[in-house]
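The structure appears below as structure tokens.
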Amino acid sequence: MRGKLVSAFILIALLATLIPPAQAGVASGMSGATTSAVTLNSHDYFNIFVAALIILNVFFVLLYKISRRQSPKKEISRFVHLVVSLLAFLLIAIGSVLVIIVALVLITISTDITAFSSAFDFFTYFFTEGSTVFGIILAGSSGLLLFLIGYYMLILLHGNPLTDTTAMPTGSGAVSKGTDLQKTITPTNPNLRFKVVKKDTGKPVPDVKVILKKREGITFHTKFTDFNGEVRFENVEGHAYDWQAFVEGDETREMFRVMQV
């Protein structure tokens, strides 16, 4: 996952450098630009749109990958735990603020609304008028990247309660990634043993035909019970829950109880 984050950052950086700003670079101080002086043409908006499309796709893919990660809690000291947690929340906060600033700058430039002039002034402190497109893409992608890094740190530190199997009381509540849990806890080709008893008396019933039928399909096996009312089917196909057993002529189990033992 660290490699994917680095790759995403490199991709975003390369994409940002491909956008041809009229004046590349970072201003050393206040640029003195005003909202009326900064304009974007259709080519600039198209570049921003394409960059945003690529960056958001990368962001959501990585966010999904991180969210699905199974990472148990790390055994670290409380101090380190607190420091890393605060750093993670700080990165998430900074990333969110950067994305919000980019949105406010775009609103200010597109509509000439002065209500967000403070966000616009903060942005133009770092980027000149000629590097507006570059700055929008760089700030937005950096904000999303910082958010991902902070979120990933929280997953590594606290684990993921949605997918982790740790701290669960039994395996019945566990979540297995990419697999059917019921299939993981039951063997394939099992040996199934049943006991048939009379429903009214509870006594074993010998020498009755038991039909083992697949729940889906027409496959079935038959055997007679022994003197203890038991019958055993060996190496049936699939899993135990794929099959149901009943006495011939009593499929609704009104007369006999067929219990798996």
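Quick note: the coordinates plus some simple rules give every number you see, no bench work behind them. Because the structure is a prediction, the values reported are computed rather than measured. As a convention, Cβ positions derive from the backbone with ideal geometry for all residues, glycine included, and neighbour counts pool all protein chains shown.
Within the shell defined by Cβ-Cβ distances under 14 Å, the residues around L192 carry a net charge of +3, with Lys and Arg each +1 and Asp and Glu each -1. Each of E230, E237, E254 was scored by other Cβ atoms within 10 Å of its Cβ. Listed from fewest to most, they are E254, E237, E230.
3J(HN,Hα) along segment 114-126, derived from phi through the Karplus expression 6.51 cos²θ - 1.76 cosθ + 1.60 where θ = phi - 60°, amounts to 8, 5, 10, 5, 5, 5, 5, 5, 4, 5, 6, 5, 9 Hz, with x in place of Gly and Pro.
Going from the residue with the fewest nearby Cβ atoms within 10 Å to the one with the most, H158, H43 rank H43, H158. Panel order for M153, M259, by other beta carbons found within 10 Å of each beta carbon, from fewest to most: M259, M153. Spacing of the modelled spin labels on K198 and V61, each 7 Å from Cα toward Cβ, amounts to 6.9 nm. For segment 182-261, the residue among F224, V261, A245 whose Cα projects farthest onto the positive side of the dipole built from Cβ charges is V261. Calculated FRET efficiency, I107 to R253, Cβ-Cβ distance, R0 = 51 Å: about 0.15 to the nearest 0.05. Backbone geometry of segment 215-221 corresponds, through the Karplus equation with coefficients 6.51, -1.76 and 1.60 at θ = phi - 60°, to 3J(HN,Hα) couplings of 4, 10, x, 10, 5, 8, 10 Hz, x marking Gly and Pro.
Annotation: amide H of F127 within the under-5 Å range of A27, sequence separation 5 or more or interchain, hydrogens built in the peptide plane.
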